[in-house]
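**Q** Next up is a structure, given as structure tokens.
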Amino acid sequence: MKNKFIRNTIILSVVACAVLVIPALLIKAGIINAYTAQIITLSGVNAIMALSVNIICGITGQLSLGQAGFMAIGAYSTILLSQNLGCPLFISVIVAGIITAIFGFLIGFPTLKLDGDYLAIVTLGFGEIIRVVLVNLKGITGGPNGKSFATKLSFDPMLAYFVIIGSLILIIVLLQNFIRSTYGRAILAVREDEIAANSSGIAVFRYKMIGFVIASFVAGIGGALYVSLIGFVKPEQASFNNSINYLIYVVLGGMGSTTGSVLAAFVLTYLQEFLRFLKNFRLLIYPCILIVVMLFRPQGLLGYKEMSFVKTFDWIKAGGFKKLFAKKAAVAAEKTASSESQGE
């Protein structure tokens, strides 16, 4: 068991280092230009927001439509902490996540006693309240015109990639370990059947609250990294449309699938930039993709499944490619033999 744990840790560490270091070096060398680097990095921010939504919708089993509001709180908190209080960016990002988690607790305490459509409507209302408050606090937030924020991340593509993708990897690792913990198993039990979980002695409301607060914290981190990358934020960041965009990532990737949500966030963010020549017509792509997926793959691309580098390594080591090619060759030979017999 110990040797297996060490082997798995080594494999995941090598993959994480490769994902972090190789693209960063390519950006530094100019092989990946600044525009492409920013798209990849922005995809990382969107993936963090998708994880935040996935914690609530996919893991906790609640429908929230106000995650963009928490993102805006994290973004504005980072600006105020860095510019007004002079905190270093790293500390500002962490504290912004904690502040957002506190707001998540205050909002979640009355709302999580509701279920289904009622919870979605209330969280939608809170998201709009956050947006309106940010618009009217002109002295602090800059009003509807927003607020600028200059950091090294917005000027150094390599550093921005390293910090944001590194944060994404760290959040994925911590989230996967949390899901496998006692608290995570209890939250999954609540998602599957609240009545059965309550009958088993699981405090349903408490574990819903834990999931909601963690999701708020992750959204705050996403907002802090977003404003650090873009260098600007305005109250429209808390709009309902943004919350729906993050929900689409989770629906397409698979409710409850961490890797599915991340994969969908990267693919759709890049697709949106790739189709920019269509101008406003590119906004039709999301609904069309969503309709197709709901018709032919309602559980999302991965469903509840997760992509595993360890299992992929074991599959390759066991001769997976060799067996796959041999199977394809056998099928081709069988088709050839069948066509020849029919010709005779």
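The values are calculated or read from the model by the stated rules, or taken from the named source; none is laboratory data. Owing to the predicted nature of the structure, the values given are computational and were not obtained by experimental measurement. Neighbour counts run over all protein chains shown; Cβ positions are idealised from the backbone, glycine included. The area values use the complete protein model at the heavy-atom level, side chains included, leaving out ligands, DNA and RNA. Shrake-Rupley method; radii C 1.70, N 1.55, O 1.52, S 1.80 Å.
**Q** Which whole-Hz couplings ³J(HN,Hα) result when phi for each residue of segment 97-111 is put into the Karplus expression 6.51 cos²θ - 1.76 cosθ + 1.60, θ = phi - 60°, listed in order with x for Gly and Pro?
**A** x, 5, 4, 5, 4, 5, 4, x, 5, 5, 7, x, 4, x, 7
**Q** Rounded to whole Hz and in sequence order, give me ³J(HN,Hα) for segment 80-93 from the Karplus expression 6.51 cos²θ - 1.76 cosθ + 1.60, θ = phi - 60°, writing x for Gly and Pro.
**A** For segment 80-93, the Karplus curve yields 5, 5, 7, 7, 7, 9, x, 6, x, 4, 4, 5, 4, 5 Hz.
**Q** Based on the alpha-carbon gyration tensor of segment 24-120 and its eigenvalue square roots a ≥ b ≥ c, which shape applies: rounded if a/c is under 1.5, prolate if not and a/b is larger than b/c, or oblate?
**A** Verdict is oblate for segment 24-120.
**Q** Now for a different question. Pop out the carbon and sulfur fraction of the accessible area of segment 161-251 as a percent, whole number, probe 1.4 Å. List each step's numbers first, then the result.
**A** Numbers: 2320 of 3790 Å².
Result for segment 161-251: 61 percent of the exposed heavy-atom area is carbon or sulfur.
**Q** Collect residues whose amide H, placed 1.01 Å from N in the peptide plane, falls under 5 Å from the amide H of residue 32; neighbours closer than 5 in sequence don't count.
**A** Hits under the 5 Å cutoff: 27.
**Q** For the pair residue 198/residue 136, report the inter-label distance in nm, with labels modelled 7 Å from Cα in the Cβ direction.
**A** With each label placed 7 Å out from Cα toward Cβ, I get 3.7 nm.
**Q** Sorted by average packing, counted as other Cβ atoms within 10 angstrom per residue and highest first, what order do 242-248, 67-73 take?
**A** My ranking of the peptides, most packed first, is 67-73, 242-248.
**Q** Okay, next question. Over segment 152-227, what relative contact order in percent results from Cα pairs under 8 Å that are six or more residues apart?
**A** Computed value for segment 152-227: 19 percent relative contact order.
**Q** Take peptides 43-55, 252-264, 191-203 and line them up by average Cβ neighbours within 10 Å, highest first, as a rough protection proxy.
**A** Going by the mean number of other Cβ atoms within 10 Å, highest first, we get 43-55, 252-264, 191-203.
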